[in-house]
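Below: one structure, written as structure tokens.
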Amino acid sequence: MVDSIEYDLIIVGSGLAGLRAAIEAAKTSPSIKIGVISKVQVMRSHSVSAEGGTAAVLFEDEGDNIESHIYDTVKGSDFLADQDVAELLCKEMPREIYQLEHWGMPWSRRKDGKIAQRPFGGYSFPRATFASDKVGFFLMQTLYDTCQKFDNIEFLNEWFVTSIIHDGQQFMGITAIQISSGTFYQIKAKSLIIASGGAGRLYSFATYAYSSTPDGLDMAYRAGLALKDMEFVQFHPTGILPSGILITEAARGEGGYLINKDGERFMKRYAAGKMELSPRDIVSRSIMTEIREGRGFMHESGVECMKLDLRHLGDEVIKEKLGAIREISIKFSGIDPAQEMLDIRPVCHYMMGGIHTNIDGATELKGVWAAGEAACNSVHGANRLGANSTSECIVWGKITGALAARHAMSGKQSSPFPHHLVVLEEKRIYDGVFRGQGEYNPYEVRQELTDIMNDKAYVFKTESDLVDGLKKLRELKSKTWRHVDDKAKEYNTNFTNVMELDSMFRVAEVVLVGAINRRESRGSHARLDYPQRDDANFLHHTLAYYDPKEPIMKKHPVTITRYQPVERKY
Ligand SMILES: Cc1cc2nc3c(=O)[nH]c(=O)nc-3n(C[C@H](O)[C@H](O)[C@H](O)COP(=O)(O)OP(=O)(O)OC[C@H]3O[C@@H](n4cnc5c(N)ncnc54)[C@H](O)[C@@H]3O)c2cc1C
């Protein structure tokens, strides 16, 4: 008999979205029992490494306005954002900045004592609210502290969730392994919020935590929920070489330059108006075009790169406003940014796609919501603006937290708990993975998978590369690699790593198939063989449903309320 525990509301993920959801759920109903479950310790969720800022309109009296934030978001998205969703984000955010402040968030200040904001790519006004360049760390600490005020929030740290259990009509529970003991559990609940974060570790050159794998997306996909717009993967222009650790856009927000081999600020050729502060998709393509045309530097690691010049900002500004990236540059590349230019290259940084939800974060299954980077409520369309993601996590954490709590209060499960599905899941992971007979080293296979994604689905894509990538991915998947050498019960991270790899195959396939099907260029999705945006044929979202053979792809309409698509110019 499988061990069993019960909550009213389960939140998978203790990043910004999960913590904000927990607080709102606890406020909505002090009587429900909330479990926040995470495969890592709370403060090791990837959110903690957000650096640059959180977007919100705070200074209407100084010329900013909500309408402009909405339009910047929609334009940044290359008109694929659902415009009602973008509007909701921008309207909700100002209140959230003050709410966070009241919970203890140490926002950086201007000289006049007001909350400071700095410029970020693609915005018409300095709108990135920040706390030095450690915004994620301070946000996480503020939210985690606030969670402690509620007796009905429990943390299940270092639990690995493996599947969603439902009866075809509504959500019933999840299955998970308590990593410390190795015990497999069924966890019954009435509501679920999936806040399992992004999956950028599908790529070998990525800014993400190693835990940012697609297991959360995959469990939704296997449960029959759609993944939406997965072909839109964001490459941040400035991953530092050789590690790929992020050098925040705030470095350019504070005045940093991008320089090519000829010493030129090359962005003048691509976006003379906004230069280095153009949206990320445009800056990344500009860097790769410079490299393709022979104006790149050769880095000692064997890849070509551009330089980021911060020297003119001076030691004092760098120490005060960019302290974390100074430390990263010195520790990981041996370069002091006040003295030398940094070697940078576009790096996998964000997934615009995720679990398909409506404007409220509700999925297609009753009782299940998704929030944060794991969700695709279509606020970012084909390209996210920097600083809009932490905002999204906060806003949809709050919205889904309230809705899921209300559902848990009123929800009665109409059918008995489907124990047979738990037994099937136990078989899938223990017979299929733990006792698997694979001969190939799963860590080598993981490296190969992420290299395929890097080589075949990077900043610029072509049909032949994508088709070749998909073929290689499927060949790799069919090799016998499913096995776990470590047979220990306690803290068996070998086991969870192989389960992560299993989920990576299914979700990588969706990314590639989506990219092959989208024969146009839009936002982060740049096809050399179809260089134009094609609104007549592709102004729609992509949905992918799971089928053991291959993903079933469908189209979903874009909500356009007030801004008709026009060509993006910066
Ligand atoms: C280096 C970096 C810097 C960034 N800087 C900014 C910025 O300045 N501004 C901005 O707006 N955005 C920024 N972003 C993006 C933003 O930080 C993320 O999109 C956001 O924090 C994601 O939060 P989340 O709550 O959705 O998930 P995460 O913080 O990624 O958390 C995911 C959670 O899910 C849990 N989980 C996943 N799978 C399982 C499983 N199988 N079982 C149990 N638990 C599971 C994890 O343990 C974790 O707790 C940055 C991203 C990176 C990588």
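Only one entry of THR175, THR238, THR248, THR207 meets the criterion of being modelled with pLDDT under 95 and β-branched (Val, Ile, Thr), and that entry is THR248. Filtering segment 469-504 to residues that are within 13 Å of the ligand (Cβ to nearest atom) and among the charged types (D, E, K, R) leaves GLU500, ASP502.
Answer yes if at least one residue in segment 211-229 is within 20 Å of LEU322 (Cβ to Cβ), crowded, with 24+ Cβ neighbours inside 10 Å, within 11 Å of the ligand (Cβ to nearest atom) and touching a residue at least 12 places away in the same chain (Cβ under 8 Å), and no otherwise.
no
In the condition set (1) in contact with a helix residue (DSSP H, G or I) (Cβ under 6 Å, 6 or more places away or on another chain); (2) closer than 11 Å to MET306 by Cα; (3) surrounded by fewer than 21 Cβ atoms within 10 Å (Cβ to Cβ), GLU264 is compliant with all but (1).
Conditions tested, residue by residue: (1) surrounded by 16 or more Cβ atoms within 10 Å (Cβ to Cβ); (2) within 29 Å of ILE177 (Cβ to Cβ); (3) not assigned by TED's automatic domain parsing to the domain that holds GLY253.
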{"position": "GLY386", "(1), (2), (3)": "yes, no, yes"}
{"position": "SER391", "(1), (2), (3)": "yes, no, yes"}
{"position": "THR400", "(1), (2), (3)": "yes, yes, yes"}
{"position": "ALA405", "(1), (2), (3)": "yes, yes, yes"}
{"position": "GLU426", "(1), (2), (3)": "yes, yes, yes"}
{"position": "TYR430", "(1), (2), (3)": "no, yes, yes"}
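Among all residues of segment 134-154, there is at least one that is in the same structural domain as GLU96 (by TED's automatic domain parsing) and assigned to a strand (DSSP E or B). Among the residues of segment 217-255, just one is within 21 Å of SER333 (Cα to Cα) and among the basic types (Lys, Arg), namely ARG252. The residues listed here are ASP309, ASP281; of these, the one that is over 26 Å from the mean Cα position of the chain (by Cα) and crowded, with 16+ Cβ neighbours inside 10 Å is ASP309. Considering segment 1-105, the qualifying strands (runs of 3 or more DSSP E), each wholly inside and each with 1 or more residues that are surrounded by fewer than 24 Cβ atoms within 10 Å (Cβ to Cβ) and among the β-branched types (Val, Ile, Thr), run over 3-6. Within segment 14-70, the set of residues being without any contact (Cβ under 8 Å) to a residue 40 or more places away in the chain and within 6 Å of the ligand (Cβ to nearest atom) is empty. In segment 155-189, the qualifying residues are those that are among the charged types (D, E, K, R) and under 19 Å from HIS407 (Cβ atoms), and the one that is farthest from the chain's Cα centre (by Cα) is ASP167. Scanning segment 241-257 for residues that are surrounded by 24 or more Cβ atoms within 10 Å (Cβ to Cβ) and more than 11 Å from the ligand (Cβ to nearest atom) turns up ALA251, ARG252, GLY256. When only residues in segment 191-210 that are assigned to a loop (DSSP other than H, G, I, E, B) and surrounded by fewer than 24 Cβ atoms within 10 Å (Cβ to Cβ) count, which is farthest from the ligand (Cβ to nearest atom)? Out of the qualifying residues, it is SER204. Filtered by the rule that a residue be under 13 Å from the mean Cα position of the chain (by Cα) and in a helix (DSSP H, G or I), segment 216-232 gives GLY216, LEU217. Suppose the filter is of a type in the set (Val, Ile, Thr), assigned to a loop (DSSP other than H, G, I, E, B), farther than 22 Å from ASP529 by Cβ and touching a residue at least 40 places away in the same chain (Cβ under 8 Å); does VAL498 pass it? Spelling it out, it is not the case that VAL498 is of a type in the set (Val, Ile, Thr), assigned to a loop (DSSP other than H, G, I, E, B), farther than 22 Å from ASP529 by Cβ and touching a residue at least 40 places away in the same chain (Cβ under 8 Å).
Here ARG482, ARG568, ARG506 are screened, and the one residue that is more than 20 Å from ARG428 (Cβ to Cβ) and either not in a strand (DSSP E or B) or not basic (Lys, Arg) (or both) is ARG568. The condition (being within 15 Å of the ligand (Cβ to nearest atom) and surrounded by fewer than 24 Cβ atoms within 10 Å (Cβ to Cβ)) is satisfied by just one residue among PHE125, PHE150, PHE138: PHE138.
The values are calculated or read from the model by the stated rules, or taken from the named source; none is laboratory data. These numbers were taken from a predicted model, which means no experiment stands behind them. Note: ideal-geometry Cβ built from the backbone for every residue, glycine included; neighbour counts use all protein chains shown.
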